[in-house]
1. Can you pull the one-decimal nm distance between simple spin-label points at residue 206 and residue 311, each 7 Å off the Cα toward Cβ?
2. Can you figure out the FRET efficiency of residue 247 with residue 65, using R₀ = 35 Å and their beta-carbon distance, to the nearest 0.05?
3. Just to check I understand the Karplus step: with θ = phi - 60° and J = 6.51 cos²θ - 1.76 cosθ + 1.60, what whole-Hz values come out for region 47-55, glycine and proline as x?
4. Which links in 95/134; 134/252; 55/189; 260/289; 55/134 stretch past 20 Å when you go from one Cα to the other?
5. Can you list residues whose amide H is under 5 Å from residue 45's amide H, if they're 5+ apart or on another chain and H is modeled 1.01 Å from N?
6. Once amide H atoms are built 1.01 Å from N in the peptide plane, which residues 5 or more positions from residue 278, or in another chain, come under 5 Å H to H?
7. Output ³J(HN,Hα) for region 188-203: one whole-Hz value per residue in order, computed from phi by the Karplus curve 6.51 cos²θ - 1.76 cosθ + 1.60 with θ = phi - 60°, and x for Gly and Pro.
8. Going by amide H atoms built from the backbone, whose H comes under 5 Å of the H on residue 133, apart from near neighbours?
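All of the numbers you see were taken from the coordinates with simple rules; none came from a lab. Computed from a predicted model, the values in this text were never measured in an experiment. Cβ sites come from the backbone with ideal geometry, for glycine too, and all protein chains shown count toward neighbours.
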Amino acid sequence: MIYKFNVLPLFLLLFSYLNGLDSNSSSNGFFEVRIPTYNQAGRINWELHADEVDKLDEGIYSAQNPKMFILEDQRPATIANSNTGFFNLGQGLAKGGEHLFIEGDGFEAVGRPWTFEENITDARNCLAFSEQGKIGFESQVNAGFVGVSDEGVNKRSPKGKSTSIPDDKHSMDLPNLSKDFPTTAYGEKIDIFDLGDGRRRFLLQTDVFIEMQDMESNGSDPQVSTISCDWAELFLGSDGNSSTNLFGRISKIHALGKVKLNQPLRKSSADELKWSEQSGQVNLHGNAKVSHQKWGVAIGEHIILLEEDGRAEVIGGNQGRSKLLLPALNKTNPTK
C-alpha cells in the first residue's frame, strides 16, 4: 500500500502552529518545532521534531537537529536523526548531507548523504544513503552460514573490531553504532525500504561487505563469516511463507556479482548467493567453487552448503559440468 499526505490538514495544522510561535521565532525561523504529517486515513504517519526550522520556500524548510519519528500502528517503528536536513513536507521528501542515524525494529544504521521519500511503490517509505552506509542487525544468521569452526580461524579481536573488515572508506569515515552487532553490513549505496508489518528490505550496492558472527560458538570469541559482493539485499521479518516468528530477524540474504563467502575453514565464490532462514541452506550459483581446508575443493554450476553438517553438495548446471576434488589420502597409512 502506498501512503500519501493529506496535504490540506497538514498545512492547516502547520499554519496555525507556526503562527502561535511569534514570541519564539524570527521572520522565517521557528524554534522547538514539532510537525506531524498524516496519511489518507487521517492518522499520524510520521512526525518531524527540530530545534529550529527555517522556511526556504513554500512548503520547503531547513531544520537544525531534525529527528523523524516514523510510526507504524501509531508507535515509533523508526527514529532517524541528523544535525541538519531539508524537508519538503507537501511532497513527503527530505535530504541531508551529514550523517543520519537510524534506529528501527531489529537494526541500526548510519550513513550519508541521506534522503527520505514517502511515496514509494510497494513500500511505506524509503531511507537511503548515496555514498557510504553501515547497518547493524540484532539478528545473527544461523550457525549453518558460519559453518564448521576451528580454533584460531577468523576470530574477533578482543577490542570488538573485526579483523576481517577491509580498511576502506566504509569503515574509516563512519561513526560508531550504539554497540557491536552480531551481523553488520556495509555498502556505498544503501536503501532501506519499510514494507510494513515490521518487514524491511535492505538494498546494498557497490563494495558490499557483510560480517556475520556465531554468538553461540564455543570459546570466548565468536566465529566470524563474511560476504563480499557488488550487490546484495537482506530482508528483515517474515516473508509470508514461514510459520516461524521472524520479527526483527534476518529472513533472507541474496548477493550478486563477484560473490565471495569466507567461513572458518572454508572459502567459496560464485556469481550469485542465496540463503533463507526457512531453508537453512547456502545456495551458490554460477561458476561456484568451495575450498575447504580439510575436505578439498568442489567446483560446479550450483553448489549447496548444507547446514546440518557443513557438507558441500555439487549439482551440475545446464552444461552438466561439475568437479569434486577430495583431500589426498594420508601417505603414512599402508594401502590394504
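1. 4.3
2. For residue 247 and residue 65, the calculated efficiency is 0.70.
3. Running phi through 6.51 cos²θ - 1.76 cosθ + 1.60 with θ = phi - 60° gives 10, 9, 10, 7, 5, 8, 10, 10, 7 Hz.
4. 55/189; 55/134
5. 37, 38, 39
6. Under 5 Å from the amide H of residue 278 lies no amide H from a residue far enough along the sequence or on another chain.
7. Values per residue, Gly and Pro as x: 5, 10, 9, 10, 10, 9, 8, 8, x, 6, x, 9, 9, 10, 10, 10 Hz.
8. For residue 133, whose amide H was placed from the backbone, the distant partners under 5 Å are 187.
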